[in-house]
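Enquirer: Quick one: structure below, then a few questions.
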């Protein structure tokens with residue numbers, strides 16, 4: 001086999017491998033968190049207080065982890081695109097746990113009665129600290145599901 005043929009063969013194999021990898025990554029689906037075991041189970045008020053005490057330590061503890069949070073629903077928001085976000089926490093406080101619901105579990109969020117207790121499981125993605133003390137801080141979870149087994 002000549003060097004040109006060998007080089008052409010290797011380039012074609014590399015292109016095919018790159019194409020297959022790109023196609024698999026582009027079409028990859030996120031795991032449904034309904035059956036994932038959480039790294040932490042915590043009450044919404046306790047979680048907010050943990051971040052208020054020292055947000056850098058709490059961020060290191062929770063960042064990128066699946067967290068189950070139990071708390072009272074303060075508000076259910078639905079944006080113009082139909083996405084639901086649950087606000088959990090003490091109704092007297094300004095701070096909340098914001099739970100952006102997974103698109104496959106919208107119906108569960110839509111049927112929740114306001115000011116009821118709920119258990120939600122999701123990925124911790126960050127903390128928005130209120131430096132002014134006027135608006136309240138928010139602990140943010142993404143791809144959340146209602147955890148019926150924990151209730």
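The values are calculated or read from the model by the stated rules, or taken from the named source; none is laboratory data. All values reported here derive from a predicted model rather than from experimental measurement. Positions of Cβ are generated from backbone atoms using ideal geometry, with glycine treated the same way; all protein chains shown enter the neighbour counts.
Enquirer: Just to be sure I understand, how many residues within region 31-53 are surrounded by 11 or more Cβ atoms within 10 Å (Cβ to Cβ) and either more than 19 Å from residue 136 (Cβ to Cβ) or without any contact (Cβ under 8 Å) to a residue 40 or more places away in the chain (or both)?
Expert: 13
Residues are listed down the side, and each one gets a yes or a no for (1) modelled with pLDDT under 90; (2) part of a loop (DSSP other than H, G, I, E, B); (3) within 17 Å of the chain's Cα centre (by Cα):
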site: 72; (1), (2), (3): no, no, no
site: 86; (1), (2), (3): no, no, yes
site: 124; (1), (2), (3): no, no, yes
site: 127; (1), (2), (3): no, no, yes
site: 130; (1), (2), (3): yes, yes, no
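Enquirer: Checking the conditions here, which among 22, 17, 9 is surrounded by 10 or more Cβ atoms within 10 Å (Cβ to Cβ), at pLDDT below 90 and either over 30 Å from residue 75 (Cβ atoms) or in contact with a strand residue (DSSP E or B) (Cβ under 6 Å, 6 or more places away or on another chain) (or both)? Step through it out loud before you land on a result.
Expert: Details: 17 fails: at pLDDT below 90; 9 fails: at pLDDT below 90.
Of 22, 17, 9, the one residue that is surrounded by 10 or more Cβ atoms within 10 Å (Cβ to Cβ), at pLDDT below 90 and either over 30 Å from residue 75 (Cβ atoms) or in contact with a strand residue (DSSP E or B) (Cβ under 6 Å, 6 or more places away or on another chain) (or both) is 22.
Enquirer: Same structure again: Taking the conditions exactly as written (closer than 26 Å to residue 55 by Cβ, assigned by TED's automatic domain parsing to the domain that holds residue 60 and surrounded by fewer than 19 Cβ atoms within 10 Å (Cβ to Cβ)), does residue 107 satisfy them or not?
Expert: No.
Enquirer: Could you tell me how many of the residues in region 21-51 are part of a helix (DSSP H, G or I) and within 24 Å of residue 93 (Cβ to Cβ)?
Expert: 8
Enquirer: So residue 64 passes all but one of these: (1) surrounded by fewer than 12 Cβ atoms within 10 Å (Cβ to Cβ); (2) assigned to a helix (DSSP H, G or I); (3) touching a residue at least 40 places away in the same chain (Cβ under 8 Å). Which condition number does it fail?
Expert: (2)
Enquirer: Tell me, please, whether a residue that is in a loop (DSSP other than H, G, I, E, B), in contact with a helix residue (DSSP H, G or I) (Cβ under 6 Å, 6 or more places away or on another chain) and more than 17 Å from residue 38 (Cβ to Cβ) can be found in region 91-104.
Expert: Yes, because at least one residue in region 91-104 is in a loop (DSSP other than H, G, I, E, B), in contact with a helix residue (DSSP H, G or I) (Cβ under 6 Å, 6 or more places away or on another chain) and more than 17 Å from residue 38 (Cβ to Cβ).
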